[in-house]
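To start, the structure under review is shown below, and the notes come after it.
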């Protein structure tokens, strides 16, 4: 297991203003810029990963590093994969320690947008680190709770955290009873080599998801459910 804790909190003020639909010369722009400056002071985006190996496969299960996951989709995507990289990436718990005006929904929205950019920086750094260190080619990833409910149930976050071990002590991410993660801008999953790109969005029917990265693909959805 390795923790990546020295990740530069790259924040582009102009891009963030555009993202939250705030004009650069407006009064709100000054407030957003102040939040970005504050984030640069406190933000410590982080990631944690481990190298693990596929030890066995069932009809709907795959055993990785001594932990058995139940997901036909994950099982099929790992049919010809032997080495995988379970991970957690986060904007950093330090962002949740900043006092924001109570009840100010707009400020909270801006702050969450900043946290999302920090999470993106952590994930990008993690992928680059793994690609360079392990000489990986093209990779893809799957995450518990991403896609339709049956794709890979969110409850299996617990198994993923047990496989990683020491997530909270090393990078401050807490898994709740409902299997959500704190800070809210945190992602977890398994990254692995792949000959073709795959996004769990391709097997998700939720059309109005704000985080959708790819359209639903009925052919991919059916293929992952074949016996």
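Considering only residues in the range 153-176 that are modelled with pLDDT of 95 or more and part of a loop (DSSP other than H, G, I, E, B), the one that is nearest to the chain's Cα centre (by Cα) turns out to be 173. Scanning the range 106-142 for residues that are without any contact (Cβ under 8 Å) to a residue 60 or more places away in the chain and buried (at least 20 other Cβ atoms within 10 Å of the Cβ) yields a count of 1.
Considering the conditions (1) in contact with a helix residue (DSSP H, G or I) (Cβ under 8 Å, 6 or more places away or on another chain); (2) over 16 Å from residue 144 (Cβ atoms); (3) in contact (Cβ under 8 Å) with a residue 40 or more places away in the chain, residue 58 is excluded by exactly one of them, (3). Might you let me know whether the range 33-42 holds any residue that is at pLDDT 95 or above, under 21 Å from the mean Cα position of the chain (by Cα) and under 16 Å from residue 112 (Cβ atoms)? Yes; the residues of the range 33-42 include at least one that is at pLDDT 95 or above, under 21 Å from the mean Cα position of the chain (by Cα) and under 16 Å from residue 112 (Cβ atoms). The set of residues from the range 82-95 being surrounded by 16 or more Cβ atoms within 10 Å (Cβ to Cβ) and either at pLDDT below 95 or at negative phi (or both) comprises 84, 85, 86, 87, 88, 89, 90, 91, 93, 94, 95. Among residues of the range 1-26 that are free of Cβ contacts under 8 Å to residues at least 60 places away in the same chain and at negative phi, those with a beta-carbon under 8 Å from a residue that is exposed (fewer than 11 other Cβ atoms within 10 Å of the Cβ) and assigned to a loop (DSSP other than H, G, I, E, B) at least six positions away or on a different chain give the pairs 17/23. If you filter the range 18-32 down to residues that are in a helix (DSSP H, G or I) and more than 24 Å from the chain's Cα centre (by Cα), you find that the one that is farthest from residue 8 (Cα to Cα) is 27.
Note on the range 108-151: residues that are in contact with a helix residue (DSSP H, G or I) (Cβ under 9 Å, 6 or more places away or on another chain) and at pLDDT below 95 amount to 14. What residue, among those in the range 181-211 that are modelled with pLDDT of 95 or more and in a loop (DSSP other than H, G, I, E, B), is surrounded by the most Cβ atoms within 10 Å (Cβ to Cβ)? Once the filter is applied, the top-ranked residue is 185.
Out of 59, 79, 12, 25, one residue alone is farther than 28 Å from residue 191 by Cα and either surrounded by fewer than 20 Cβ atoms within 10 Å (Cβ to Cβ) or in contact with a strand residue (DSSP E or B) (Cβ under 9 Å, 6 or more places away or on another chain) (or both). It is 25.
The values are calculated or read from the model by the stated rules, or taken from the named source; none is laboratory data. Fair warning: this is a prediction, and the values are worked out from it, not measured in the lab. Cβ atoms come from the backbone with ideal geometry, glycine included; neighbour counts cover every protein chain shown.
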